[in-house]
1. Just name one of 182, 335, 63: the one whose Cα is farthest towards the positive end of the charge dipole of the chain (beta-carbon charges, Lys/Arg +1, Asp/Glu -1).
2. Give, to the nearest whole percent, the P(r) tail of the stretch 57-138 beyond 22 angstrom, counting all Cα pairs.
3. Got a sec? How would 194, 82 order by Cβ neighbour count within 10 Å, fewest to most?
4. Fewest first, what order do 233, 14 take by the number of other Cβ atoms within 10 Å?
5. Hey, could you get me the Stokes-Einstein D for the stretch 156-259, Kirkwood radius over alpha-carbon pairs, 20 °C and 1.002 mPa s, rounded to whole µm² s⁻¹?
6. Dipole of the chain, Cα-centred, from +1 at each Lys and Arg C-beta and -1 at each Asp and Glu C-beta, to the nearest 20 debye?
7. Find the Rg to Rh ratio for the chain, where Rh is the Kirkwood radius over alpha-carbon pairs and Rg uses the same atoms.
8. Let me know the charge dipole size of the stretch 74-114 about its Cα centre in debye, to the nearest 20, where only the beta-carbon of Lys, Arg (+1) and Asp, Glu (-1) is charged.
Amino acid sequence: MTSLEQASSSPISEEIPLARPDITEREIEAVCSVLRTFRLSLGPKLEEFEGKIAEYAGVRRAIAVNSGTSALHLIIRALGIKDGDEVITTAFSFIASANCILFEGARPVFVDIDPQTLNIDPDGIEEKITKRTKAILAVDVFGQPADWDRLQRIADDYGLKLIEDSAEALGAECKGRRAGSFGDMGVFAFYPNKQITTGEGGIILTDNEEMAKLCRSMRNQGRGEGSEWLHHERLGYNYRLSEINCALGIVQLERIEEILAKRDRVAQAYNRRLKKLEGVEIPYISPRTTRMSWFVYVVRLSDEYSGEDRDRVLQELRRRGIGCRNYFSPIHLQPFYREMFGYKEGDFPITERVAKATVALPFYGDLEEEKIDYICAALREILAS
Ligand SMILES: *Cc1c(COP(=O)(O)O)cnc(C)c1O
């Protein structure tokens, strides 16, 4: 009996979650210490967290906010994107990367993806550029950077702003340069399923001092630098990130190499077990990706299993206590996008074909080998039945 067969026949004692944050006593201690200071917002932890993230990403300024979605929203506003404008982006992403464009009344214009990297296909962009196009917003999908050289060239050629949604790619590198540092402005996000977490949180990254100031003001009710608490220079929001969240983020960032290494080990353990499994395609890593930062572990089922059969696979995995998900569900096919823009099936064929075939398996740094064995054996068994 191989170890896989053994693992498959032994029931696991608990459900295996799809994701789990990597929290140690150090994080718990850091959060408790902040509470003891009574300084819970706009304090030293915010500045320290922003400084450390900026340094890590290799940008001049970082502005922490209460979610990745808030970070994207402030970028759209800071760049002056408004009603009547268009932003070129991808439908193979989390909904927030397109919604942030809608928040300001602008229109997301989708371009299909590269079938291997799952990132926006630069070849499809130029034909979508109109005189209303203001920016390109590209996403580093699943922790793999987009083709930033080509995206920057197109942005330069047409005088467009370039935005990097790196919510899933903290720590990744494209040709030796860190994700988050590409384009005019970028974001990381810190929801508990991301590489590092602050509970909830996000951060804006930029080299542009003016944009940084504007974002800092807008996250804090439009207050000016050093101005009175009840003096508001512009329309702003409460997108502040508390000291408690920042203290958690600081420790997470100090542990980043350890956290990324653990995640890489889990991804490699899956790869070894699944690379020869028929009907399953393991994640593709582009030669441009000099460092992958694993956000999720997503396999693709071959055409014979895609669609309803894929959904059966997800169901069967869940019945065995294995957390899993289709990743992503295309943005253009979400009910309100169909309603607003008349999108329908067939509009972005590669995005749709990939979306019908994906299975995200449980993925977090502390996932034990024996559970990986169990998950892979279950997948093999389900595909064979
Ligand atoms: C997680 C994520 C976001 C948004 O982050 P929140 O902190 O949940 O608001 C944005 N874009 C992408 C691609 C993401 O994966």
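1. 63
2. 28
3. Listing 194, 82 from fewest to most nearby Cβ atoms yields 82, 194.
4. The most exposed by this proxy come first: 14, 233.
5. 140
6. Using Cβ point charges on Lys, Arg, Asp and Glu, the chain gives about 400 debye.
7. Computed over Cα atoms, the ratio is 0.98.
8. 180
Quick note: the coordinates plus some simple rules give every number you see, no bench work behind them. The structure displayed is predicted, hence computed values, not measured ones. Quick reminder, even Gly has a Cβ in these numbers, built from the backbone with ideal geometry, and neighbours come from all protein chains shown.
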